[in-house]
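The next block holds one structure in the form of structure tokens; read it before the comments.
The values are calculated or read from the model by the stated rules, or taken from the named source; none is laboratory data. Keep in mind the model is a prediction, meaning the values are calculated, not measured. Virtual Cβ from ideal backbone geometry, glycine too; neighbours counted across all protein chains shown.
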Amino acid sequence: MLTEAFSRGFLGHSYFWAEESVRYLMIWAFFLAIGATGRNGMHIRTEMLVAALPPWGQWVCNMLASLAGLVFSLIMLFASVPQVERYYTMGMMTESTLDLPMWALFLAMPIGAVLLAIYYAGGLVRAWKGKDPFLPLPESGLSETGEKA
Amino acid sequence: AETLVLPNEVAATHWKTDYQKQFGDLVKQKTGGKIDVQVFPAGQLYNEQDALAALGTGSVQMVWPVSVRIESIAPQTGVLNLPFAVSDKMMTNACFSSGLTEIISSYVEPRGLKVLALLRTADLFFIFSGKDVKKMEDLKGTKVRVTGGRIFLDTMRRLGVSPVSMAASEMSSALSQGAIDGVFTSPAGWAEMIGISGKYAWYVPGFQLATYAVVVDGAWYDKLAPDLREAVSSSIHEIAQREWVEAKAADDKLIEKMKAQGAQFHVADEAELARWRDLAKRAVEPFDKAHPDLVAKIKKLEASCGVGG
Amino acid sequence: MNAALALPAVLVFLAIGCHVAVALGLVAATLLVLFGGVPITVIAQTAFKSVNSYSLMAIPMFVLAGNLMMRGRIAELMIELVGSIVRAVRGGLAQTVLITSVFFAAVSGSSVGSAAAIGSATVDGLKREDYPARFAAALVAVGGTLGLMIPPSLGFILIGAIVGLPVDKLFMAGILPGIMEAILLMVGVAIMARRNNYGHKIDRPDFRGFASRLPMAVPALLMPVLVIGSIYSGFLTPTEVSAFAAGYAALLCLIVYRTVTLGAMWQTARDSILQTTMIFAVVMGGSLVGFVMARIGVSAALVSALHAAEMNHYTFLLVVNLLLLFLGMFLDGIALIVLTAPLLFPAAVALGIDPIHFAVIMVANVEIATLTPPIGLNLFVMSGIARLPVHEVARGVMPFFAIRLTALALITYVPAISLALVK
Ligand code: NA
Ligand code: NA
């Protein structure tokens, strides 16, 4: 991106591929990090109402919230797999200059969905045992500045 | 009844949506309502790239994207987007246009798609805000917003133009701020998005005549009863024939409108045109080398239909 | 009817503690599958497309830049510099905090980032000078919201990406409203400080101290100038500027001030990716809601209902502000934008309201939403930093609401404040 900025500003050239490759890297980074973001307790939610409930109410809400996450991950998975397949049989390439197969780019989504599903399945287990399913997990090593943006 | 889902990404008031609705009416009439064409304008359901990708999943049956889009599926179809690939004269010749459509379709058929027709999008030209371009050399050193494939970009560089990619929504302000010198666009883009702040137009007829490809889900189409298939096919051909003439007339009218507002509109003369064709020939060499069979097929078609240039 | 269920359903999912992205995405996907007659792959493509956007690519780098400036203890530097002069007035440290908030707003994209950076540097100092703890926490929380209005702003980037508006123009539009809000806040603080006799003051401005600190601060002060200047001149796109800002912030913290180690830098980059992922996930869920609203025809129905009601745009803006203030109590900024922007922008444009002006109105509401209980991120952050219960911080914010509502009314009914700088 910086290279593109400089070259466009100073050399009068535009590298179409720079914009594209940054975008594709970000997409992959996003889907790969989506489960990890959960494990670090950084997906945004509000616990205020739940915190005010008696323990059994908390247990129910935590179970439901984890289940909702799991269902959403599975919808993502089942919605994206046929699309990856079709991109594969169609052989569509990404727009303009990079010439990546679309299926390889889109594959990030089902992979992200699986990682998210694993995270929520873990959450469901933690909720079942009566723990808070969404606290940062000990192994995640969240830093002090890891506030939500 | 069969459903034919036909999404587009232009406004509901755009002429492309009109033609799609006319196509729907015609199909309905010819099939006695056995095929129900559902037009989803303005990206309500899908943008065209996504719709194209969804052909064959059962959720979309037809899309009319600009032909550049199918280049991402079959690079050979890029022949449509080469400079001087087609002209109004060639495409209003029924023999040539149906022959070309068949050739293009043959390259996407292995991917489960079919091209039924080619429609006229627009013959594109250069718009500048402060530079009165009258010949090839005047383009040297300019920054121009373009959309286009590799060969087009290569041609631009041969002309000494720095191609800039930018969202359509930003090009008008970029032009007036001087971030770019010009824009390569259609008469409609000129009249509606840029206006008279792009005072100078430089038009090389046929240099980049953009088309829409009418793409259909191949498996779905093949499974239709023969009479229904015939109804879809004849409807789209009727539309295409009419559209090609009407779209050209509409563009001419827009150019006249801009001229009336004080725009300078220069058209390349025969000698200049010959130089552009010569330049284009060199730019398309790599494509010709990569796809000799395709080039031979088209040459043969041009000769047999009597439209060769 | 179906779509009318969407909003309460989202709120129920939020209430039971679902992640915001899940609440949005799950409700939308369910509606699509049950009622919309939409093939399931549409969900995948819509979700994918929402994060496949050039404008959004500015977010990770601006988040990183803000986090680095926060870690790099740049806030202390600014407080000392500004304070050496401004503390000569009554309530001077509070004014210093506000001026520093403006500086931070111009280098950081989020409201929480600004509040956290300034809060940890000033809350204890404010308490030492006998400002009530509640007032101190509220001041920083309110000042932090300027980060959303003054560019760079994640709020404007999101609106630009979702609605399809040029982010550079949105950034320009936020400058004057942001400065106006800051001035109104400073007037308000002056009145509060005088009336309640808040804080200490030094006898006269310490110009010598100011002059000695200035050279050290110049590289940091240069950052907002460079960031806003390069967007304004059109030299760089906002996405390119974000990369530049992150690079410059890294340079400041690693080399100029040496306040961040390489290890801390790595940690900060990692946090920034996770924060970005959180934002993108909400955008993804919100895009599905936006899609389902358009698909089921809610957006179109809303526009025609407005026409049928013959609502003029003054009433419309009043209704929108009330709606956003209400929803803003329960939703955080990102969710508020992704949920309402796809619905409200077409309606606003249909009534002849400039979309850029409307974006500024929306951001002004988002600023307030981060301050309103029960769910206000800046309240939570300051509750943590000032070690006060959330409701105490919220009580402290109360007097500031009058100021924010005044600013909101001015922004809403004087479009020139937003549009004067937009070419
Ligand atoms: Na900001
Ligand atoms: Na709130």
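Please go through segment A:16-74 and give me each residue that is within 9 Å of another protein chain (Cβ to nearest Cβ) and basic (Lys, Arg), ordered by number.
Residues satisfying the conditions are A:Arg23, A:Arg45.
Please verify whether segment B:187-203 includes one or more residues that are within 14 Å of chain C (Cβ to nearest Cβ) and small (Gly, Ala, Ser).
yes
If you go through segment C:1-29 one residue at a time, how many are modelled with pLDDT of 80 or more and farther than 13 Å from C:Phe291 by Cβ?
Residues in segment C:1-29 being modelled with pLDDT of 80 or more and farther than 13 Å from C:Phe291 by Cβ: 17 in total.
Go through (1) crowded, with 24+ Cβ neighbours inside 10 Å; (2) away from ligand 2 (no atom under 16 Å from the Cβ); (3) of a type outside the set (D, E, K, R); (4) under 17 Å from C:Val381 (Cβ atoms) and name the single condition C:Val123 misses.
Here C:Val123 clears every test but (1).
If B:Val164 satisfies every condition in (1) of a type outside the set (Lys, Arg); (2) at pLDDT below 95; (3) out of contact with any Lys or Arg (no Cβ under 8 Å at 6 or more places or on another chain) but one, which is the exception?
Among (1) of a type outside the set (Lys, Arg); (2) at pLDDT below 95; (3) out of contact with any Lys or Arg (no Cβ under 8 Å at 6 or more places or on another chain), the lone unmet condition for B:Val164 is (3).
Please go through segment C:231-285 and give me each residue that is surrounded by fewer than 24 Cβ atoms within 10 Å (Cβ to Cβ), of a type in the set (Phe, Trp, Tyr) and in contact with a helix residue (DSSP H, G or I) (Cβ under 8 Å, 6 or more places away or on another chain), ordered by number.
Within segment C:231-285, C:Tyr232, C:Phe235, C:Phe244, C:Tyr248, C:Tyr257 qualify.
So which of B:Ala274, B:Ala240 is closer than 30 Å to B:Gln29 by Cα and among the aliphatic types (A, V, I, L, M)?
Exactly one of B:Ala274, B:Ala240 is closer than 30 Å to B:Gln29 by Cα and among the aliphatic types (A, V, I, L, M), namely B:Ala240.
Against the definition (touching a residue at least 12 places away in the same chain (Cβ under 8 Å), more than 24 Å from C:Leu379 (Cβ to Cβ), within 14 Å of another protein chain (Cβ to nearest Cβ) and away from ligand 1 (no atom under 16 Å from the Cβ)), how does C:Val82 come out, yes or no?
No; evaluated as a whole, the condition is false for this residue.
Can you name the residue in segment B:40-71 that is assigned to a strand (DSSP E or B) and surrounded by fewer than 21 Cβ atoms within 10 Å (Cβ to Cβ) and, of all such residues, is nearest to the other protein chains (Cβ to nearest Cβ)?
B:Phe40
Closer than 27 Å to A:Trp103 by Cα and among the aliphatic types (A, V, I, L, M): does that describe C:Ala105?
no
Check C:Leu32 against each of (1) under 25 Å from the mean Cα position of the chain (by Cα); (2) part of a helix (DSSP H, G or I) and name the one condition it does not meet.
All conditions pass for C:Leu32, except number (1).
Within segment C:213-237, how many residues turn out to be outside any helix (DSSP H, G or I) and touching a residue at least 60 places away in the same chain (Cβ under 8 Å)?
2
For segment C:100-191, give me every one of the helices (runs of 4 or more DSSP H) that falls completely inside it and has 1 or more residues that are more than 14 Å from every other protein chain (Cβ to nearest Cβ) and more than 10 Å from ligand 1 (Cβ to nearest atom).
Once the helices (runs of 4 or more DSSP H) in segment C:100-191 are filtered for at least 1 residues that are more than 14 Å from every other protein chain (Cβ to nearest Cβ) and more than 10 Å from ligand 1 (Cβ to nearest atom), what remains is C:111-128, C:133-144.
Can you find even one residue in segment C:71-79 that is over 26 Å from C:Ala243 (Cα atoms) and either more than 16 Å from ligand 1 (Cβ to nearest atom) or within 14 Å of chain A (Cβ to nearest Cβ) (or both)?
Scanning segment C:71-79, I find at least one residue that is over 26 Å from C:Ala243 (Cα atoms) and either more than 16 Å from ligand 1 (Cβ to nearest atom) or within 14 Å of chain A (Cβ to nearest Cβ) (or both), so the answer is yes.
Of everything in segment C:85-98 that's touching a residue at least 60 places away in the same chain (Cβ under 8 Å) and within 21 Å of C:Met382 (Cα to Cα), which residue is nearest to ligand 1 (Cβ to nearest atom)?
Here the answer is C:Leu98.
Within segment C:264-272, can one find any residue that is touching a Ser or Thr at 6+ places or on another chain (Cβ under 8 Å) and under 15 Å from C:Phe171 (Cα atoms)?
no
In segment C:337-347, is there at least one residue being within 14 Å of chain A (Cβ to nearest Cβ) and either within 16 Å of ligand 1 (Cβ to nearest atom) or under 20 Å from C:Leu405 (Cβ atoms) (or both)?
yes
I need the full set of residues from segment A:97-127 which are surrounded by fewer than 19 Cβ atoms within 10 Å (Cβ to Cβ) and among the hydroxyl-bearing types (Ser, Thr, Tyr), in order please.
A:Thr97
Is it true that some residue in segment C:2-13 is more than 7 Å from every other protein chain (Cβ to nearest Cβ), in contact (Cβ under 8 Å) with a residue 12 or more places away in the chain and not in a helix (DSSP H, G or I)?
The answer is yes, given that some residue of segment C:2-13 is more than 7 Å from every other protein chain (Cβ to nearest Cβ), in contact (Cβ under 8 Å) with a residue 12 or more places away in the chain and not in a helix (DSSP H, G or I).
Please tell me if B:Val37 is of a type in the set (Val, Ile, Thr), under 15 Å from B:Ile104 (Cα atoms) and more than 9 Å from every other protein chain (Cβ to nearest Cβ).
no
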